1. To the nearest Å, what is the center-to-center distance of the stretch 92-123 and the stretch 24-72, using C-alpha atoms only?
2. Within straight cross-link reach of Lys105, meaning Cα distance under 23 Å, which lysines are found once same-chain residues fewer than 8 apart are removed?
3. Over the alpha-carbon set of the stretch 99-141, divide Rg by the Kirkwood Rh and report the Rg/Rh ratio to two decimals.
4. In whole percent, how big is the carbon plus sulfur part of the accessible area of the chain, probe 1.4 Å, protein atoms only?
5. With every protein chain in place, what's the accessible area of Leu14 (1.4 Å probe, Å², nearest 10)?
6. Go through the stretch 26-33 residue by residue and turn each phi into a ³J(HN,Hα) via Karplus (6.51, -1.76, 1.60, θ = phi - 60°); whole Hz please, and just put x for glycine and proline.
7. Given the chain, what whole percent of its Cα pairs are spread farther than 25 Å?
8. For the chain, what does the helix formula give at 222 nm: sum of -39500 (n - 2.57) over DSSP H segments with n ≥ 4, over the residue count, nearest 500 deg cm²/dmol?
Amino acid sequence: MNNFIESSIDQCILIDLPKLNTAAGNTTTVNSRQDIPFAVHRVYYLYDVPGGESRGGHAHKELSQVLVAICGSFDVILDDGARKKKVTLNKPSSGLLITPGIWRKIINFSSGSVCLVLASQNYNPDDYIRDYMDFVYTKKP
Ligand code: T46
C-alpha cells in the first residue's frame, strides 16, 4: 500500500481572519470555506496547559486544521520530514493552517493561553501518525 503523503511546511500559512473593530471591542468570525479553505466539522480548544508542557507531537493523514491563539501565545513547530519552521501565534485574528502530513508540536504556552482548533474532520484515532519514524516513511514517495 502506498501511504505517501505529499505536503510541505510552505503550505502551512498564516491566515488573516476577519476582524470587526467597534467601540465595544473586536469580533472575529470564521466562515467555512470562505475565511479558511475547508468546512469545519469539529472545534476544540487547549487550555490550562501547565508551564513547560507541550501538545501535539504527531501528524495526521487526512486532517486539516487551523490553530488560533484566542488568548495568550504559544509556538507551533511544523515539520514536513525535510524542513522545520517555528510559527508564533499570539493574535486572535490570525490562524495557522496545518495541512495533512505535517508533524506538529505546540510549545511555550503562555500562562492562561487558549489554543482554538478548527478541524476539517471529526475525531478519528486512526488518522494519527504518532511514531516519528512512521511519519518520515510517509514522506518518501
Ligand atoms: C493538534 C493539537 C493542537 C478527543 O477525545 N477528541 C478530540 O477531538 C481531540 C483533539 C482529542 N481527544 C482526546 C484524545 C486524547 O486522549 O484528548 C486527548 C489528547 O488529544 P491528542 O492525543 O489529540 O493530543 P493533543 O491534544 O496534544 O493534540 C491535539 C490534536 O490532536 C493535534 O492535531 O494539532 O491538538
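1. 4 Å
2. Lys61, Lys84, Lys85, Lys86, Lys91, Lys139, Lys140
3. On the way: Rg = 13.4 Å, Rh = 13.0 Å.
Over the Cα atoms of the stretch 99-141, Rg/Rh equals 1.03.
4. Carbon and sulfur together cover 49 percent of it.
5. 100 Å²
6. In residue order, the calculated couplings are 9, 9, 10, 10, 10, 9, 4, 6 Hz.
7. Values: 2603 of 9870 pairs.
Pairs farther apart than 25 Å: 26 percent.
8. On the way: 1 runs with 7 residues, N = 141.
Rounded to the nearest 500, the figure is -1000 deg cm²/dmol.
The values are calculated or read from the model by the stated rules, or taken from the named source; none is laboratory data. It should be emphasised that the depicted structure is a prediction, and the values quoted were computed from it without experimental measurement. Heavy atoms of the whole protein, side chains included, go into the accessibility calculation; ligands, DNA and RNA do not. Shrake-Rupley method; radii C 1.70, N 1.55, O 1.52, S 1.80 Å.
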